[in-house]
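The values are calculated or read from the model by the stated rules, or taken from the named source; none is laboratory data. Please read these numbers as outputs of a predicted model, since none were measured by experiment. All Cβ positions, glycine included, derive from the backbone under ideal geometry; neighbour counts span all protein chains shown. In case anyone asks, the SASA skips ligands and DNA or RNA and just uses the protein heavy atoms, side chains included. Shrake-Rupley method; radii C 1.70, N 1.55, O 1.52, S 1.80 Å.
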Amino acid sequence: MSYLDNPSSVLSLVTDDEAHRDVYIAEDVFELEMNHLFRNTWIYVGHASQIPNKGDYYSTKISDQPVLMVRHTDETIHVLYNRCAHRGTKLVTDIHGNTGKTFRCPYHAWTYRTDGTLLGVPVRDGYEDVSFGNSCASKGMTSVSNVCVYREFVFAKLQDGGIEFEEFFGDSLSSIDNMIDRSPEGRLEVVGNPLRYMHHCNWKMLVENQTDSFHPMVVHESSAGVVKEIWEDMKQHGNATPMAVECIVPFTSSYSFYEKMGIRTWQNGHGHTGVHFSIHSDYADTSGYVDQMKEAYGKERAEEILNENRHNTVYFPNLMVKGPIQTLRLFKPLAADRTLVESWIFRLVGAPDMLLERTAMYNRLINAPTSIVGHDDTEVYERAQEGLHCTNNQWMNFQRHYFGEEGVAPMEEFPGTTEAQMRNQFRAWKKFMHSVSDQSGVQA
Amino acid sequence: MNLTEIDLVDFVIREARMLDEQQYEEWLELFTEDGFYWMPLEFGQTEEKLTTSLMYEDLLLLKSRVQRLSGKRTYSQLPKSRCQHLLQTPTVDKIDAPNNDYRVFTPFHYVESRNDEKELYAGWMKHSLIVEDERLKIKLKRVDLVNCDSPHRNIQLFI
Ligand SMILES: [Fe+2]
């Protein structure tokens, strides 16, 4: 039997503290996730600084849907499905570019304004005697109607109706706020292209790992532990701590360090590690940045911003931001066992270059397909993807620190090594897959 | 020390062989104290520090990579990866003895394999070399992948 024949049956695959392997390995469950979960929730598209000028576009995907984010002639940002209304050709394939005032299809030269409306069809009289006005083609490029630009972060929801942006994210937006506020000018800019790292595992394993504070001391002993060892050896020559050591060595912190960091969860699957402090708390400032922040915000407010050292904030379903180091990771689902991870970096506008240098370094040391930290993370996810095919035990266990009665308050706090945020994600998973029981399946 | 083109070509070919034979301790010795290994993320990238690269590593990080490969708890190296370099004959771009500046350009195909997976990477490597204590040393090795901006699987060894 396929879950597609009885979509509501997927709801029994997730209990309060366990998840059945089919949510990771079954292609039909993945298909239902694309049709429901990824349509019913607000998905990160991109950052406004990627398209600063009129006609600038950025092409990407929301779940399995090719879309583009474009700055229209009136400066507003539109998210359009990336296909010609005529016969389906994608209108742009560059990741970033400028289309001027119009998109022109490379196949039959249909043209569209940058809000998607149809501008021209060559030799239009060929359509005079057909019911062109009733066709989908005559409507132009379809735009995604639910788009929200929150302080330059662009989110979209493919399904009409359902949860509003503010209700969906609630107070979790405070992590994005903190990342932006770390700029003395209150502004971020995307720098360069993202790292793109291909994983042969389910997207949820990657998202779960973002708040898994019970693994770094195990998985990253092999990399962070070695850097620590070699550095301690060299330190006897009296060198200052290199930035690379600051970035990577905290990954070897103890269980009790991660326990005390704490985890906070919000409704709808969002949550973050590092409530009280984090592995990002001890970066040196030799650039005058802190003084610059005090100048810009006043001492008290600047300290409030900089003392917030949230580690990883998960925006359910597939986004993670790291405020103190200005990186963003997007987990793009491709198949039940295929996930593309994009890791982006931001410049804190107005801040010294040293901060961007550290951000870029962190990105390549931790998030790259060449990362010695990433290699061992990937190894454990992919072993799990294969191990889950064992039929004797068909469940993933998320019971660590589970005492019942979670997800009641708008915000809850836990000791750092809990699996509470994973349980929080699965509660949201059920909530937004839930429409499978009251809708027919694939939408029009 | 009077270096000929053949010396420089020979250096690059032997360096690749060291990597294929996983003679990492000797390989690290090829770098100057302030040497770097750079693998850009963007085609034609000119900025090392203020934008993302795949790798931009000094000796501390290169040594860490090498030591990690043989760690008992380096699970992504259980089993170990293997690699093979196929080099086009290197082109010597510069021999400037008075300024101690030597440049070599080498197109390559590189295969890394582990378990049942085998990935092929192609590109160009540029060696900036100097003479130190009567030996050629690497000041900068730059590796540009032809598809640097594509999604990649793990690259665990050295191209
Ligand atoms: Fe990890």
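Here are the numbers for the structure shown:
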quantity	calculated
For the protein assembly as shown, with +1 on Lys and Arg beta carbons and -1 on Asp and Glu, the positive-most of A:HIS220, A:LEU80, B:ALA122 along the dipole	A:LEU80
Which of A:PHE30, A:PHE277 is most accessible, then next, and so on - probe 1.4 Å	A:PHE277, A:PHE30
Gain on full stretching of the segment that runs from B:ILE95 to B:ASN115 - 0.36 nm per residue minus C-alpha separation	3.0 nm
Alpha-carbon centroids, segment A:12-68 and segment A:195-221: separation in whole Å	18
Virtual spin-label span in nm between A:HIS200 and A:MET411, 7 Å along Cα→Cβ	4.3
log10 of Debye I(q)/I(0), alpha-carbon scatterers only, for the protein assembly as shown at 0.10, 0.11 Å⁻¹	-0.96, -1.14
Cysteines not pairable in the protein assembly as shown (beta carbon separation under 4.7 Å absent)	A:CYS136, A:CYS148, A:CYS201, A:CYS247, A:CYS390, B:CYS83, B:CYS148
Value at 222 nm in deg cm²/dmol, rounded to 500, when DSSP H runs of n ≥ 4 in chain B each add -39,500 (n - 2.57)	-6500 deg cm²/dmol
Other-chain or far-sequence residues with amide H under 5 Å of B:MET55's (modelled H)	B:MET39
Choice from A:LYS61, A:LYS294, A:LYS235 showing the highest fluctuation, given a GNM over chain A with Cα pairs closer than 10 Å	A:LYS235
Accessible-area order (highest first, 1.4 angstrom probe) of the listed residues A:THR73, A:THR111, B:THR52	A:THR73, A:THR111, B:THR52
Accessible area in square angstrom per residue, chain A, 1.4 angstrom probe	40
Positive-end extreme of charge dipole, chain B - chosen from B:LEU69, B:THR46, B:VAL146 (charges on Cβ)	B:LEU69
Dipole magnitude of chain A, debye to nearest 20 (Cβ charges: Lys/Arg +1, Asp/Glu -1, about Cα centre)	1240
Computed over segment A:188-432, Cα set: Rg, Dmax in Å	18.5, 62
Heavy-atom accessible area, 1.4 Å probe, ligands and nucleic acids excluded: residues of segment B:58-76 down by at least 10 Å² from chain alone	B:LEU60, B:LEU61, B:LYS63, B:SER64, B:ARG65, B:GLN67, B:ARG68, B:ARG73, B:THR74, B:TYR75, B:SER76
Cα→Cβ-extended label distance, 7 Å offset, between A:SER256 and A:SER287, nm	3.4
Solvent-accessible area of A:VAL290 with every protein chain in place, 1.4 Å probe, in Å² to the nearest 10	50
Hull shadow area, averaged, segment A:45-150 [alpha-carbon convex hull, nm²]	6.9
Integer Hz, Karplus 6.51/-1.76/1.60 couplings in order for segment B:3-11, x for Gly and Pro	9, 9, 4, 5, 4, 5, 4, 4, 4
Centre separation in Å (Cα based) which lies between segment B:17-95 and segment A:109-147	52
Solvent-accessible surface (1.4 angstrom probe) belonging to B:VAL111, in square angstrom, nearest 10	40
Within chain A, helix-based [θ] at 222 nm, where runs of 4 or more DSSP H residues each add -39,500 (n - 2.57), nearest 500	-7500 deg cm²/dmol
Chains A and B together, accessible area buried on both sides, 1.4 angstrom probe, square angstrom	3400
Potential lengthening between A:MET234 and A:PHE403 on full extension [0.36 nm per residue; Cα-Cα distance subtracted]	56.2 nm
Inter-part distance where segment B:98-112 and segment A:268-337 are each reduced to a Cα centre, Å	40
